[in-house]
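Trainee: Let me begin by handing over the structure; questions about it come next.
The values are calculated or read from the model by the stated rules, or taken from the named source; none is laboratory data. Nothing here was measured: the structure is a model prediction, and the numbers come from that model. Backbone-built Cβ (ideal geometry, glycine too); neighbour counts: all protein chains shown.
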Amino acid sequence: PHFPTNTHTTRGAKKMASEAKRAKLSGDEKDAALAPLKASGWTDVDGRDAIYKEFLFKDFNQAFGFMTRVGIKADKMDHHPEWFNVYNKVQITLSTHDVG
């Protein structure tokens, strides 16, 4: 198989272009942006600027398929979730690393 050798440079250019559009949200802006996620079961992680949710599936195949779909989409958005999987359970922690 052929693997591209210069994807990091392209991804880096996209990241640099989008960084100018990012700014740290105020407390109220952050609360408003997170409200729909919290309404659907995401919770704050103690001691971190992060949110967490556990997903349960019928079996490992469904859990792994979910992780694959989310992983592809997240990578295209230059996001990389922390996650843990055992059989039908997927635990995800999302945090921001882009802004101070």
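Trainee: If residue 66 passes every condition in (1) more than 12 Å from the chain's Cα centre (by Cα); (2) surrounded by 14 or more Cβ atoms within 10 Å (Cβ to Cβ); (3) not in a helix (DSSP H, G or I) but one, which one does it miss?
Mentor: Checking residue 66 against (1) more than 12 Å from the chain's Cα centre (by Cα); (2) surrounded by 14 or more Cβ atoms within 10 Å (Cβ to Cβ); (3) not in a helix (DSSP H, G or I), the one that fails is (3).
Trainee: Can you tell me which residues in region 18-37 are surrounded by 12 or more Cβ atoms within 10 Å (Cβ to Cβ) and under 15 Å from the mean Cα position of the chain (by Cα)?
Mentor: Within region 18-37, 34, 37 qualify.
Trainee: Restricting to region 3-57, and then to whatever is modelled with pLDDT under 75, basic (Lys, Arg) and not in a loop (DSSP other than H, G, I, E, B), can you tell me which residue is farthest from residue 89 (Cα to Cα)?
Mentor: The first filter runs over region 3-57 and keeps only residues modelled with pLDDT under 75, leaving 3-23.
Next, from what is left, pick out any that are basic (Lys, Arg): 11, 14-15, 21-22.
Cutting the leftovers down to not in a loop (DSSP other than H, G, I, E, B) gives us 11, 14-15.
On the way: 11: 31, 14: 33, 15: 31 Å.
For region 3-57, the residue satisfying everything is 14.
Trainee: Out of all the residues in region 69-100, which are more than 15 Å from the chain's Cα centre (by Cα) and without any contact (Cβ under 8 Å) to a residue 12 or more places away in the chain?
Mentor: 86
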